[in-house]
Amino acid sequence: MLHVKNIGDGLELFKALGSDVRIAILKLLLKEKELSMNEIAVRLGITNGALTSHIKKLEENGLVKISIERGSHGNQKLCSVAEDKILIEIESEENQHSGQIYNAELKVGHYANYEAYPTCGLATTEHLIGEVDDPRYFAHTDRINAGILWFTRGYVEYIIPNLLPEGSRIDQLTLSFEIGSEAPGVSCDWPSDISFYLNDEWVGMWTSAGDFGDVRGIFTPGWWPPNWNQYGVLKMLMINHKGTFIDGMKVSSVTIDHLHIDYKSTLRFKFMVPGDALNTGGLTLFGEGFGNYNQDIKIRISYSRMS
């Protein structure tokens, strides 16, 4: 997901999308998934020279990615859509909060509490941690180095660092993470209702479509089995004075004010697949060195002085 934090930062992106030809390219790639430069040019009836400049503009703005396929008749460039969502915040940070920003990042293995049921496991970028489908290994000392974890139902709970200056109030809490379902093996059609909690308060739910393994994750290590989960989707959860949002869509009316959190608060954030969920399809969290985004759980806290 491309995230434009204020409208001024999106100028080049808006220019890239302000072309009928480039929109046609994106529509074609969304339909066909992947095409060579020659195939795109033929389908759209334009020259290779003209197509090259359009593809370059889309690639520079993170909308299209290019890979090289090596064949007996030479190399060819293959194009595909890089991001399937764009979130644009119309208001600037200054207009939203008139405050300060605190950023932090948590490794997916840096949870403080857990409950996991098979199928389950965790791994570093180099090896599995213990044995798969044995929840005892979620307590292994090497878990702090985990770059991926998964379970069918249960939860992992993290303590978000809260090092805000004395006298600060929290105006907005934002978390970004790569996530998916957990199927025995892989299945792109494996829905899972994943709930999110802050300090034991339910703040929202998102349904993952599947446990994706149709292609290898861009950053997934080479030793990782091909029939295991390969990548997830990048989600952004935001709690502010207006409610709780996922990728800009409101998912609950729970506000930051309702949670009563400030610079003194312990912040415990939980990812959970409850046993009574409508779709109990498990959970996989991808961290740095796995999946398609090469990131751990990113946290952004907007804060201001208490009045």
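Look through the range 246-288, keep the residues that are within 20 Å of the chain's Cα centre (by Cα) and free of Cβ contacts under 8 Å to residues at least 24 places away in the same chain, and return whichever of them is farthest from residue 221 (Cα to Cα).
Step by step, filter the range 246-288, then rank; the result is 250.
Is there any pair linking a residue in the range 43-56 that is in contact (Cβ under 8 Å) with a residue 12 or more places away in the chain and not assigned by TED's automatic domain parsing to the domain that holds residue 27 to one that is assigned to a helix (DSSP H, G or I) and of a type in the set (Asp, Glu), with Cβ under 6 Å and at least six apart or on different chains, and which?
Filtered contacts from the range 43-56: no entries.
So, in the range 188-203, how many residues would count as being under 16 Å from residue 270 (Cα atoms), in a loop (DSSP other than H, G, I, E, B) and out of contact with any strand residue (DSSP E or B) (no Cβ under 8 Å at 6 or more places or on another chain)?
Residues in the range 188-203 being under 16 Å from residue 270 (Cα atoms), in a loop (DSSP other than H, G, I, E, B) and out of contact with any strand residue (DSSP E or B) (no Cβ under 8 Å at 6 or more places or on another chain): 0 in total.
Have a look at 236, 205 and point out the one that is free of Cβ contacts under 8 Å to residues at least 60 places away in the same chain, assigned by TED's automatic domain parsing to the domain that holds residue 124, closer than 19 Å to residue 247 by Cβ and surrounded by 15 or more Cβ atoms within 10 Å (Cβ to Cβ).
205
Please indicate, with yes or no, whether at least one residue in the range 252-270 is among the hydroxyl-bearing types (Ser, Thr, Tyr) and assigned to a strand (DSSP E or B).
yes
With the requirement that a residue be loosely packed, with under 13 Cβ neighbours inside 10 Å and closer than 28 Å to residue 216 by Cα, what does the range 34-51 give you?
38
Could you please let me know if residue 248 is modelled with pLDDT of 95 or more, within 18 Å of residue 178 (Cβ to Cβ) and not aliphatic (A, V, I, L, M)?
Considered against the rule, which asks whether it is modelled with pLDDT of 95 or more, within 18 Å of residue 178 (Cβ to Cβ) and not aliphatic (A, V, I, L, M), residue 248 comes out as no.
The values are calculated or read from the model by the stated rules, or taken from the named source; none is laboratory data. A quick note: this is a predicted structure, and the numbers were derived from the prediction, not measured. Cβ sites come from the backbone with ideal geometry, for glycine too, and all protein chains shown count toward neighbours.
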